[in-house]
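What follows is a set of notes on a single structure, which appears directly below.
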Number of protein chains: 2
Amino acid sequence: MNCGISRKIYLQLAPPTEEDNRSSWKRICDSLQEKGCGDVKASTFVLRKLYPLCEEADWKLTISLCFDGRGWEAVDLEAGDTSDAHYGLAVDLGSTTVVMQLLNCNTGEVVAQESAYNQQIAFGEDILTRIFYSKDQPEQLEEIRLATVNTITGLMERIAAQTGIDTKKCLSMVVAGNTTMIHFLIGMDAFCVFSAPYAVQADQPGFIKGKELDIPIRGYVFCYPGKANYLGGDIISGMVATDLYHRESISLFFDVGTNGELVVGNRDFLLCGAGAAGPALEGGVVKTGMRAAEGAVQHICFSCADPLLVSEERTGQEQTPAENPSEAGTYSRRSDQETIIIGRNTCTVQLDVIGGGAPTGICGSGIIDLISELFLHGLIDLRGKFVPESSDAIAYRPEEEEYAFCYAPGLWFYQSDIQEFIRTKAAAYTMMEYLLSETGLGLEDVADFYMAGAFGTHVNKESAVNIGMYPDVDLERIHAEGNTSLKGAQMLLLDRQIVEELPEILDRMTYVQFGAVEDFLQKMTAASALPHTDLERYPSVKARLDHSA
Amino acid sequence: MNCGISRKIYLQLAPPTEEDNRSSWKRICDSLQEKGCGDVKASTFVLRKLYPLCEEADWKLTISLCFDGRGWEAVDLEAGDTSDAHYGLAVDLGSTTVVMQLLNCNTGEVVAQESAYNQQIAFGEDILTRIFYSKDQPEQLEEIRLATVNTITGLMERIAAQTGIDTKKCLSMVVAGNTTMIHFLIGMDAFCVFSAPYAVQADQPGFIKGKELDIPIRGYVFCYPGKANYLGGDIISGMVATDLYHRESISLFFDVGTNGELVVGNRDFLLCGAGAAGPALEGGVVKTGMRAAEGAVQHICFSCADPLLVSEERTGQEQTPAENPSEAGTYSRRSDQETIIIGRNTCTVQLDVIGGGAPTGICGSGIIDLISELFLHGLIDLRGKFVPESSDAIAYRPEEEEYAFCYAPGLWFYQSDIQEFIRTKAAAYTMMEYLLSETGLGLEDVADFYMAGAFGTHVNKESAVNIGMYPDVDLERIHAEGNTSLKGAQMLLLDRQIVEELPEILDRMTYVQFGAVEDFLQKMTAASALPHTDLERYPSVKARLDHSA
């Protein structure tokens, strides 16, 4: 195992004598130097602890070291051998959800994980509202900073209560978050992130003493550096999580939510980009859309006479129970909406609802399934337009003045929802296409596709291919990586080597801001069909369509 | 001029554009790297200042850097070119008096100097009382720590009031103090300094953020490292002040007060030692002794018929007016004690009183003159015993049951005072002799003798030679260096190179604890005559005695 950004070292020192009366601190330093720690800096906290601790512990001591970006600093001193109790914290600082892991830094084991809504939400559901709230208002910026810190310390307390481990004794913390989140954590005005020329205040703050940030750990907080305003530390962390920059084969990393961030490359080159994808994937603008919480339809399957339309993929999902609260494949059969008529077939609409109860809305992965099913069964055409005569479940809704599909009692998915979603998936696909075209590479050159985010783990890959959101490649090449931001934070906590590599990685990355790409909208229009205007790009979907036709 | 431990650099940066939208901090860092500052760390203070400062200042900025022991940290950012206002603080943290200088770090000029009693005195006049007060009493230790800090911040405020310069904007501070003082400054129990095996807690604390010590400067406080419990940072600083460790010729550095600390050596070797000298030199135990304050007799001269007894040295002193408030040579003739009879001569006792008023006691330099005059004029013998019949100014004092000399109306110098003093000067001389003998060198091999401390600047060198406190060498080889502890602090503030050299210097030093030397007392007995049992060691004194005989 590599050396992390913190160390706990048990020392058995000879007590001072008249012949060897080096100072207590020198005695410790000399011993650490022998163990290859170089020159270790003392913190006043440790200097003040030396007496009477050293004597009382009979010079059997455990010293805690934190890397400060340049070398080791001693941040704690304990009696006896406490080197087993060596903990650190990894944090994914999301604008909606903050996830924290307590790591055993000796074994790499995740001891506990907790998540909470980011308390910044009190100042705005979306990030822009928060930015405007605090813009040029130092006191309101401080409110947001404290909300951020309180979210983090709240998670520390919950983990402490849950595990009985004093999280205040954690040595280091690694935070991965987007550029705005890091600005708010440090207390920097974040208007710059969204305003031309998009030169932010600081995107490589490095190691900051926990105390300076009001985060009560022993040592330092490391914030993952960002590459650009829209390509923040969460993405760099994700890239580290997938390790794509070390490999010879080419990978594509994609984190798609309201914004899409991509990296394509290998150990020789890295091209990255970011752009708006739209809120559709997070259930934002869809009328009955919701976050992936209890009551959300997360998967939909039309079970018709023809069994070929129910793919193997759907029943053999890669999701792990921990990441997906309702087990995959446990579709509930709703008695009041048991069947719908599609063409001349009778089909059942099977729903997988988070929590197992009655559905109250639909989340991103459910939407992808639904659109895929609507498309494959001919309820919508390749432009996403409803074909009203195709099913009795499609109805014109006078109040909304548009057609809609009833996916559950009282829950309708509207024409405008589909259009909104298609814009999002077209943007996502186009980013991928554009970035690849910039490298002169095709999809066939990409060995692995890494889909980041909780969203990715829940999405049915085949559905995503069917509607042209994912490229039509062997599904085994598409990896749902889950919370890569958190994973990268965890990895850096345990491997100092990553800190050394980051500047070089950032240097190697070339950034494309899609908003500035000229023919982006044109490409996006081509990608606005289901799955794509150029059906040849989607041979497997073509085959399925041919089959169902 | 060398680079100090702080820098202020004026930057004129290009504002961000779409093409070059590096973050504000990266923009600054890149520019600093071009100027050879290497990787600069940001403090949260600076990160939070970036906006709106950079824009408002049109990217014309002055950044303040402090060396933290490993590299540069940005500790302040200001609009426009403020590089002229670059200040630092040098502190001599004495157990009695704390002296602070405000330095212009660009020019090296001392802008202001203030001194104050160390507020620790509230917890004990002498250092041992303070140590016992705080021993194993964390709350009382904290009282002493705060007294130390308050003394320092009080001086900062006085200097600010005097100069109009905001001392809180000072970048760095260098503190030179003995080991106990540094323990108290940091908040470490100091009992270890005086208790076997004399292994202190930390004697090389290095750079500590001002904030950690509650010292309100922008950057770091550097504490001069010590070599041993009794050979602290004040002595290492003094050694740096004399530069003796760089020279080929051999020097001897001597700081004598209640304790004596010596270093002998050159660029090839350094031998050092420390031992108790006794409080006589600081006016401590002498009955009418006092500190060198208003009313203290600081010089005495017996003006007799024979003009040869008044040496040239006495009228051509090297003291500067700034260091010696009452001008040298302005002896007051006191009408009520105008003349005394010595043998068959009529002499006047000329007094130089600090402040110019009536004398109220005698300080160290006055004592040395007085004993020298008493000895040269035969009022005391070579063992320091009064010869009552030699003068009408010697009388038996029934209350004290001993002989005494009346040096001013109502002010007597007693037999026991002389004995006390002789013990001190014998200890001082013996330390010097012993250390030299350890090197195999003689006085003749020593090119320069550096006498540290305010005491040294006021002492009449010839008087000190006459009584055997200084060795009998060409007086030009004896240098009164004043406050070398302060001077070394000042030098390090302005020259980072010294920081780099210190570890090697400390390594090179070999420490002798005189208390542990076997024949030390025997040697001291030999040195307990005036000027020495072996008069051959004092040819110039022998000549003067022969002349006066």
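The values are calculated or read from the model by the stated rules, or taken from the named source; none is laboratory data. Small disclaimer: the values here were computed from a predicted structure and weren't measured. Cβ atoms come from the backbone with ideal geometry, glycine included; neighbour counts cover every protein chain shown.
Some points to look at:
- Some residue of region B:189-196 being buried (at least 18 other Cβ atoms within 10 Å of the Cβ), over 30 Å from residue B:78 (Cα atoms) and in contact with a strand residue (DSSP E or B) (Cβ under 8 Å, 6 or more places away or on another chain): no
- Selected residue (criterion: farthest from residue A:212 (Cα to Cα)) from residues of region B:1-50 that are touching a Gly at 6+ places or on another chain (Cβ under 9 Å) and in a helix (DSSP H, G or I): B:32
- Qualifying residue in region A:262-274 (condition: touching a Cys at 6+ places or on another chain (Cβ under 6 Å) and without any contact (Cβ under 8 Å) to a residue 24 or more places away in the chain): no
- Residues (within 7 Å of chain B (Cβ to nearest Cβ) and touching a Lys or Arg at 6+ places or on another chain (Cβ under 8 Å)) located in region A:1-21: A:16
- Put simply, of A:507, A:546 the only residue that is assigned to a helix (DSSP H, G or I), within 14 Å of chain B (Cβ to nearest Cβ) and surrounded by fewer than 11 Cβ atoms within 10 Å (Cβ to Cβ) is A:507.
- Considered as a group, the residues in region A:350-395 that are out of contact with any strand residue (DSSP E or B) (no Cβ under 6 Å at 6 or more places or on another chain), more than 21 Å from residue A:453 (Cβ to Cβ) and of a type in the set (A, V, I, L, M) include one that is surrounded by the most Cβ atoms within 10 Å (Cβ to Cβ), and that residue is A:376.
- Check on residue A:58, within 9 Å of chain B (Cβ to nearest Cβ), assigned to a loop (DSSP other than H, G, I, E, B) and not aliphatic (A, V, I, L, M): no
- Reported count of residues in region A:129-166, each being under 21 Å from residue B:50 (Cβ atoms) and of a type outside the set (Gly, Ala, Ser), is 18.
- Scanning region A:503-514 turns up one or more residues that are over 30 Å from residue A:343 (Cβ atoms), hydroxyl-bearing (Ser, Thr, Tyr) and touching a helix residue (DSSP H, G or I) at 6+ places or on another chain (Cβ under 9 Å).
- Considering (1) in contact with a strand residue (DSSP E or B) (Cβ under 7 Å, 6 or more places away or on another chain); (2) within 14 Å of chain A (Cβ to nearest Cβ); (3) in contact (Cβ under 8 Å) with a residue 40 or more places away in the chain, the lone condition that residue B:202 does not fulfil carries the number (3).
- Residue in region A:59-67 that is surrounded by 20 or more Cβ atoms within 10 Å (Cβ to Cβ), at pLDDT 95 or above and of a type in the set (Phe, Trp, Tyr) present: yes
- Residue count for region A:66-79 under the criterion of being more than 11 Å from chain B (Cβ to nearest Cβ) and in contact (Cβ under 8 Å) with a residue 60 or more places away in the chain: the result is 4.
- Hits in region A:75-86 - residues which are in a strand (DSSP E or B), farther than 22 Å from residue B:39 by Cβ and either in contact with a Leu (Cβ under 6 Å, 6 or more places away or on another chain) or of a type in the set (A, V, I, L, M, F, W, C) (or both): A:77, A:79
- Residue in region B:172-188 that is surrounded by the most Cβ atoms within 10 Å (Cβ to Cβ), counting only those that are farther than 19 Å from residue B:137 by Cα and more than 15 Å from the chain's Cα centre (by Cα): B:172
- Only a single item in (1) under 22 Å from residue A:502 (Cβ atoms); (2) without any contact (Cβ under 8 Å) to a residue 24 or more places away in the chain; (3) within 12 Å of chain B (Cβ to nearest Cβ); (4) not in a helix (DSSP H, G or I) is not met by residue A:248, and it is number (3).
- Qualifying positions in region B:172-181 - aliphatic (A, V, I, L, M) and in contact with a helix residue (DSSP H, G or I) (Cβ under 6 Å, 6 or more places away or on another chain): B:174, B:176
- Only listed residue being at the interface with chain A (Cβ under 10 Å from one of its Cβ atoms) and surrounded by fewer than 24 Cβ atoms within 10 Å (Cβ to Cβ), chosen from B:169, B:211: B:211
- Within region B:86-108, residues that are under 20 Å from residue B:75 (Cβ atoms) and modelled with pLDDT of 95 or more have Cβ atoms under 7 Å from residues that are of a type in the set (Asp, Glu) and in a strand (DSSP E or B) in these pairs: B:100/B:114, counting only partners at least 6 apart in sequence or on another chain.
- Flag for residue B:116 being on the phi < 0 side of the Ramachandran plot and away from every other protein chain (no Cβ under 14 Å): yes
- Cβ-Cβ under 6 Å pairs, at least 6 apart or on other chains, region A:1-26 side under 24 Å from residue A:69 (Cα atoms), far side small (Gly, Ala, Ser) and part of a loop (DSSP other than H, G, I, E, B): A:5/A:172; A:6/A:172; A:8/A:83; A:10/A:83; A:25/B:202
- Some residue of region A:216-229 being out of contact with any Leu (no Cβ under 9 Å at 6 or more places or on another chain), under 30 Å from residue A:46 (Cα atoms) and more than 9 Å from chain B (Cβ to nearest Cβ): yes
- Odd one out for residue B:43, checked against (1) among the hydroxyl-bearing types (Ser, Thr, Tyr); (2) surrounded by fewer than 20 Cβ atoms within 10 Å (Cβ to Cβ); (3) within 8 Å of chain A (Cβ to nearest Cβ): (2)
The rows are residues; the columns are (1) out of contact with any Cys (no Cβ under 6 Å at 6 or more places or on another chain); (2) charged (D, E, K, R); (3) part of a loop (DSSP other than H, G, I, E, B).
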residue: B:470; (1), (2), (3): yes, no, yes
residue: B:481; (1), (2), (3): yes, yes, no
residue: B:500; (1), (2), (3): yes, yes, no
residue: B:511; (1), (2), (3): no, no, no
residue: B:523; (1), (2), (3): yes, yes, no
residue: B:536; (1), (2), (3): yes, yes, no
residue: B:542; (1), (2), (3): yes, yes, no
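Table: residues versus (1) within 21 Å of the chain's Cα centre (by Cα); (2) under 21 Å from residue A:301 (Cα atoms); (3) crowded, with 20+ Cβ neighbours inside 10 Å; (4) charged (D, E, K, R).
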{"residue": "A:407", "(1), (2), (3), (4)": "no, yes, yes, no"}
{"residue": "A:410", "(1), (2), (3), (4)": "no, yes, no, no"}
{"residue": "A:415", "(1), (2), (3), (4)": "no, yes, yes, no"}
{"residue": "A:424", "(1), (2), (3), (4)": "yes, no, yes, no"}
{"residue": "A:432", "(1), (2), (3), (4)": "yes, no, yes, no"}
{"residue": "A:437", "(1), (2), (3), (4)": "no, no, no, no"}
{"residue": "A:441", "(1), (2), (3), (4)": "no, no, no, no"}
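- Selection status of residue A:77, under 22 Å from residue A:214 (Cβ atoms) and crowded, with 21+ Cβ neighbours inside 10 Å: no
- Residue within region A:22-34 that is in contact with a Lys or Arg (Cβ under 7 Å, 6 or more places away or on another chain), farther than 25 Å from residue A:223 by Cβ, surrounded by fewer than 17 Cβ atoms within 10 Å (Cβ to Cβ) and away from chain B (no Cβ under 14 Å) present: no
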